[in-house]
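What follows is a short report on a single structure.
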Amino acid sequence: MKRNHLTGSLTVFLLLFIFSSLDGSAQIVNEVAKKRVTIGVGMFTDIFFNVPEDIDTRAINQGFQTFAMYNVPFGKSNFGFAVGLGFRAQNMYGDFLVKSTPDSSWLEKIGDTSAVNYQRSKLILPYLELPLEFRFKSKSKIAVGIGFKVAYLLPAHSKYVGDNYTTGTSEKYRVKYREIKNLEQFSYGPTLRIGYRWFHASAYYSINKMFTKGNGPEITSLSIGFLLMPF
């Protein structure tokens, strides 16, 4: 009986030791993951350049972005490098409809807004992104990131909600148009991020045009917003 009791005690002790070791290992892995992986989510607005003169865009063109990045520190210094994968949804609001043919795309003004009332009209551009960034983070938790990202355009569409502009009547009209041609498949440009702890201000300038050269307006954009980066 004593031997069985001793064996049982040793078994319990070994199990407790194993579980405590696993728990300690998990904590170490979590700490390493927190240092090596960064997750961010944020909102931004776009400033559009080279928009046709007769078209008005909204002052605030809200968009959404999220990403995960893997960090590579430069030794024990405050500097490092990061690469990751992200998603960005860009919206361009205005008094226009996107019109397309196989060889040309343009923004057509909705018309006299006193005759046509509408709640919103916008072009939605979703991107899958590959961000790269050189980073600095001080002991006081102030962080700066300078980088570059390349993005691939996912299926885009436009959306209109308002009066029926095709008949000129006030009947409710809601339409989503997916056949938008001549959009550039890639977006790329420099990025900048400055922040403290979780909260960061961000900026991204798209070097390339929204539409392919010679097939649409030569619109470019500057995205300015904020990020929350708890990890």
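The values are calculated or read from the model by the stated rules, or taken from the named source; none is laboratory data. Bear in mind the structure is a predicted one, so any value in this text is a computation, not a measurement. With ideal geometry, Cβ positions are generated from the backbone for all residues, glycine too; neighbour counts draw on all protein chains shown.
Some observations on this one:
- Criterion (under 13 Å from residue 121 (Cβ atoms), at pLDDT 90 or above and not β-branched (Val, Ile, Thr)) met by exactly one of 202, 158: 158
- Look at (1) of a type outside the set (Val, Ile, Thr); (2) closer than 20 Å to residue 185 by Cα; (3) assigned to a loop (DSSP other than H, G, I, E, B) and you find that residue 84 fails only one, number (3).
- Highlighted here are the strands (runs of 3 or more DSSP E) found entirely within the range 124-231 that include at least 2 residues which are farther than 17 Å from residue 89 by Cβ: 142-153, 157-164, 169-177, 186-196, 199-205.
- Residue check for residue 162: crowded, with 18+ Cβ neighbours inside 10 Å and over 26 Å from the mean Cα position of the chain (by Cα): yes
- If you check 226, 186, 231, 211 for being crowded, with 16+ Cβ neighbours inside 10 Å and either of a type outside the set (Lys, Arg) or touching a helix residue (DSSP H, G or I) at 6+ places or on another chain (Cβ under 6 Å) (or both), only one passes: 211.
- Among the residues making up the range 137-190, those that are under 30 Å from residue 72 (Cβ atoms) and of a type in the set (A, V, I, L, M) are 142, 143, 144, 146, 150, 151, 153, 154.
- Residue 46 vs. criteria surrounded by 13 or more Cβ atoms within 10 Å (Cβ to Cβ), at pLDDT below 95, closer than 30 Å to residue 213 by Cα and not polar (S, T, N, Q): no
- Of the criteria (1) within 13 Å of the chain's Cα centre (by Cα); (2) over 19 Å from residue 181 (Cα atoms); (3) not polar (S, T, N, Q), which one residue 82 fails: (1)
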